[in-house]
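Following: one structure in structure tokens, then a few remarks.
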Amino acid sequence: MSKVLVVLECKNGKLDPASLPGITAGQKLAAASGGELHLLVVGAAVEAVASLIAEAGFGAKFIQTAQHPDLDPPTAEAWSDAIVTAVQTIGATSFGGTATSRMRDVLPRVAARLDAPLVTEVTGVTGPSSFRREISAGRAIVELALDGPLIGFTARASDFESAVPGGAPAKVQNIPLQGISRRGTAVLSLERTASSRPALTEADIVVSGGRGMREGKNFAVLERLTDLLGGALGASRAATDAGMVPADLQVGQTGKVVAPKLYIAVAISGAIQHLAGMKGSKTIVAINRDAEAPIFQIADYGLVAKWEDAIPKLTSLVEAHKGAHKGG
Amino acid sequence: MRILVTVKRIPDPDEHLKFSSRPSGAESSSRPTGAEASAGGAIDRSSVKWVANAFDEYAVETALRLAEHVGGKDRLAEVVVVSVCPAAARQHLTQFLAMGADRGVLVDADDTAMDSQTVARLIAAVFVQEQCDLLIAGKLSQDSEGNEVAQRVAGLLDMPQATFAASLRWDRADKSVTVVCEGDDGVETKRVPLPAVVSCDLRIVLPQSVKNGATAETHAYQEGPRLASLRGITMAKRKPVAVQTPASLGVQVTSRVRTVGVQAPPRRPSGQILETPEQLIEKLVREAKVL
């Protein structure tokens with residue numbers, strides 16, 4: 001019997017929505033292999049959140065808990081101890097999770113310790129032990145088959161739907177842990193970027209600015225449009241490297257991969273590395289003063305204009321549209 | 001202090017990929033850098049230009065900034081670069097020696113015929129054999145984008161790790177490094193005792209990202225990885241490169257990740273260029289129905 005173990009993350013005593021696409025990937029893998037789905041909750045005290053997740057079901061048979069004081073704050077060292085033990089205890093045949101920065105940190109370490117192959121940032125499950133993923137900044141799609149009694153994966157959030165609660169409640173089981181250790185590491189601080197906006201990778205609408213915005217304060221006009229649309233703010237590497245906006249807003253091969261319903265690229269030329277992070281978007285709008293900018297080649301709608309002119313105009317048009325929509 | 005830096009050659013990421021319908025070359029690869037065989041097509045790499053992976057340039061720059069005492073004559077660490085590749089394809093290794101690394105280790109093997117666990121085993125074996133204190137790696141290679149090897153080495157050698165480093169401070173008295181890591185929704189500062197593994201993100205090459213306690217705190221480097229000097233290029237030819245093989249390191253080469261098929265991504269239908277913001281709104285509301 002194959003057993004798929006998906007590692008979850010929690011935030012403020014709740015399941016982190018970032019983990020939901022990984023659950024979907026786990027469901028697909030369990031379905032492809034006719035196996036059962038287990039979800040693993042890791043932390044210092046996770047009983048309460050585990051029972052919430054168990055009620056939500058998510059098609060899982062068991063919610064496994066791994067509890068130890070040294071598992072919070074999370075470190076790759078201690079978490080890999082817990083995950084390795086969980087895989088061995090339940091006899092998992094595969095393990096994985098959403099390709100968050102935490103999972104990308106932890107799961108290759110787990111794979112090495114268990115001598116297992118791993119495929120990172122998969123965009124699809126194609127069989128009981130095969131996956132699809134992109135390489136070379138999205139310029140090629142490969143299908144990979146993994147051999148061995150245990151395999152691992154991380155799932156790209158933009159390519160899997162968020163799992164929704166449903167099905168029979170799962171049963172909670174506790175994994176006995178021994179020898180959990182941070183290996184002498186210390187987490188000195190963990191600063192989350194405070195934002196009232198939806199997370200970049202979860203937003204339906206993303207408005208991104210590039211080098212052409214010239215300086216950080218000019219992003220204010222994009223923020224107004226973003227908030228009016230209820231979206232998330234993004235940026236190209238040129239803008240984050242220049243310090244116009246924080247690094248975690250970067251969309252692209254070396255930043256976040258997003259696939260919103262609407263992506264508005266403002267003053268972004270469209271280097272291949274940026275396209276790799278947003279070309280899965282349903283509708284792409286490009287606004288750039290340079291008609292030759294490569295971004296226009298993948299945009300559904302292009303506007304050759306200076307942002308200084310176009311964005312304020314667009315903002316008031318959106319405002320009017322929203323007003324009319326509400327009224328009638 | 002000895003710093004080992006992993007470096008890899010990749011096809012020039014600015015060149016177009018060529019696809020061939022006929023499978024050719026090696027059968028399996030998790031780091032698809034060769035000619036991938038497949039039922040669904042293959043990438044034709046017969047005429048590609050090989051270059052060094054950009055993140056590895058950042059990793060070497062990081063190591064050099066840790067090792068050198070700007071304004072002093074002493075050197076605080078030895079920088080060793082290691083690459084797994086055919087011995088004849090070592091140009092990138094020479095480039096990093098020219099940039100300032102002290103010496104190289106080349107693991108002579110077909111890097112396209114092994115999975116990342118094998119690569120990690122080879123790197124781990126070199127780390128132990130060379131008695132290193134710190135492994136610095138780029139966070140990923142721009143071709144396969146696996147982002148696995150650094151963390152795997154840490155796991156194999158049971159060492160602490162700090163991934164996606166945006167800045168790094170070496171505390172020599174404490175024998176530790178304090179690393180600011182960029183995550184999805186913020187930054188984490190982590191102190192790790194040596195020996196340890198660090199993987200580098202883009203911002204590690206900003207002017208003040210790396211501190212070693214000897215170079216003045218206020219010293220600002222030029223942004224980005226340094227270019228090789230003429231003297232560096234001349235010196236590089238004289239720097240030692242030890243050649244190893246998987247057998248000499250006691251590592252069995254395996255690949256449990258097989259490439260089944262390679263395809264070009266579907267093309268997006270060509271879009272429309274609009275004249276005014278009004279037209280754009282109209283399209284978004286009536287045609288795309290996203291507003």
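The values are calculated or read from the model by the stated rules, or taken from the named source; none is laboratory data. Please read these numbers as outputs of a predicted model, since none were measured by experiment. Reconstructed Cβ throughout: ideal geometry from the backbone, glycine too, with neighbour counts over all protein chains shown.
Could you tell me whether A:GLU319 is in contact (Cβ under 8 Å) with a residue 24 or more places away in the chain, surrounded by fewer than 19 Cβ atoms within 10 Å (Cβ to Cβ) and more than 9 Å from chain B (Cβ to nearest Cβ)? Here the answer is yes, as A:GLU319 does meet what is asked.
The residue of segment A:127-141 that is nearest to A:VAL106 (Cα to Cα), among those that are in contact (Cβ under 8 Å) with a residue 24 or more places away in the chain and not in a loop (DSSP other than H, G, I, E, B), is A:GLU134. With respect to being assigned by TED's automatic domain parsing to the domain that holds A:GLU308, of a type in the set (A, V, I, L, M, F, W, C) and under 24 Å from B:ALA166 (Cα atoms), A:VAL266 falls outside the description.
Which one is surrounded by the most Cβ atoms within 10 Å (Cβ to Cβ), of the residues in segment A:298-310 that are at the interface with another protein chain (Cβ under 8 Å from one of its Cβ atoms) and outside any loop (DSSP other than H, G, I, E, B)? Out of the qualifying residues, it is A:LEU303.
Scanning segment A:178-198 for residues that are at the interface with chain B (Cβ under 7 Å from one of its Cβ atoms) and under 23 Å from the mean Cα position of the chain (by Cα) gives A:VAL187, A:SER189, A:LEU190, A:GLU191, A:ARG192, A:THR193. Residues considered: B:ALA228, B:ALA236. Of these, the only one that is in contact with a helix residue (DSSP H, G or I) (Cβ under 8 Å, 6 or more places away or on another chain), surrounded by 19 or more Cβ atoms within 10 Å (Cβ to Cβ) and either closer than 30 Å to A:GLY184 by Cβ or of a type in the set (A, V, I, L, M, F, W, C) (or both) is B:ALA236. What number of residues within segment B:176-195 satisfy the criterion of being in contact with a Pro (Cβ under 9 Å, 6 or more places away or on another chain), more than 8 Å from chain A (Cβ to nearest Cβ) and surrounded by 23 or more Cβ atoms within 10 Å (Cβ to Cβ)? Residues meeting the conditions: 1.
Sub-6 Å Cβ pairs linking a first residue in segment A:68-95 that is without any contact (Cβ under 8 Å) to a residue 40 or more places away in the chain and farther than 24 Å from A:LEU29 by Cα to a second residue that is not in a helix (DSSP H, G or I) and not acidic (Asp, Glu), at least 6 apart or interchain, are A:PRO69/A:ALA44; A:ASP72/A:GLY43; A:ASP72/A:ALA44; A:ALA76/B:GLN161, ordered by first then second residue.
Just one residue in the set A:VAL245, A:VAL257, A:VAL207, A:VAL221 is modelled with pLDDT under 95, farther than 30 Å from A:VAL6 by Cβ and among the hydrophobic types (A, V, I, L, M, F, W, C); that residue is A:VAL245. The conditions of being within 12 Å of another protein chain (Cβ to nearest Cβ), in contact with a helix residue (DSSP H, G or I) (Cβ under 7 Å, 6 or more places away or on another chain) and over 21 Å from A:THR201 (Cβ atoms) are met by A:VAL110.
Determine whether A:LEU144 is on the phi < 0 side of the Ramachandran plot, within 8 Å of another protein chain (Cβ to nearest Cβ) and either assigned to a loop (DSSP other than H, G, I, E, B) or hydrophobic (A, V, I, L, M, F, W, C) (or both). In short, yes. For segment B:126-141, state whether one or more residues are touching a helix residue (DSSP H, G or I) at 6+ places or on another chain (Cβ under 8 Å), within 7 Å of chain A (Cβ to nearest Cβ) and not aliphatic (A, V, I, L, M). Looking through segment B:126-141, none of the residues is touching a helix residue (DSSP H, G or I) at 6+ places or on another chain (Cβ under 8 Å), within 7 Å of chain A (Cβ to nearest Cβ) and not aliphatic (A, V, I, L, M).
Selection within segment B:163-175: residues that are more than 8 Å from chain A (Cβ to nearest Cβ) and in a strand (DSSP E or B). The member of this set that is nearest to A:LYS256 (Cα to Cα) is B:ALA165. Scanning segment A:42-86 for residues that are touching an Asp or Glu at 6+ places or on another chain (Cβ under 6 Å) and either crowded, with 21+ Cβ neighbours inside 10 Å or modelled with pLDDT under 95 (or both) yields a count of 3. Of all the numbered requirements in (1) away from chain B (no Cβ under 14 Å); (2) among the small types (Gly, Ala, Ser); (3) within 25 Å of A:LYS14 (Cα to Cα), A:ALA99 misses one, and that requirement is (1). Among the residues of segment A:87-119, those that are more than 22 Å from the chain's Cα centre (by Cα), surrounded by fewer than 24 Cβ atoms within 10 Å (Cβ to Cβ) and in a helix (DSSP H, G or I) comprise A:GLN88, A:THR89, A:ILE90, A:ARG113. Collect the residues in segment A:237-264 that are in contact with a His (Cβ under 9 Å, 6 or more places away or on another chain) and more than 12 Å from chain B (Cβ to nearest Cβ), keeping them in residue-number order. Listed by number, the list holds a single entry, A:VAL251.
Every residue, every condition in (1) over 17 Å from B:LYS139 (Cβ atoms); (2) crowded, with 22+ Cβ neighbours inside 10 Å; (3) modelled with pLDDT of 90 or more; (4) more than 13 Å from every other protein chain (Cβ to nearest Cβ), yes or no:
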{"residue": "B:LYS8", "(1), (2), (3), (4)": "no, yes, yes, yes"}
{"residue": "B:GLU15", "(1), (2), (3), (4)": "yes, no, no, no"}
{"residue": "B:GLY25", "(1), (2), (3), (4)": "yes, no, no, yes"}
{"residue": "B:SER29", "(1), (2), (3), (4)": "yes, yes, no, no"}
{"residue": "B:ALA42", "(1), (2), (3), (4)": "yes, yes, no, no"}
{"residue": "B:ALA54", "(1), (2), (3), (4)": "no, no, yes, no"}
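For segment B:158-168, indicate whether the set of residues that are at positive phi and surrounded by fewer than 24 Cβ atoms within 10 Å (Cβ to Cβ) is non-empty. Looking for residues that are at positive phi and surrounded by fewer than 24 Cβ atoms within 10 Å (Cβ to Cβ), one finds at least one in segment B:158-168, hence yes.
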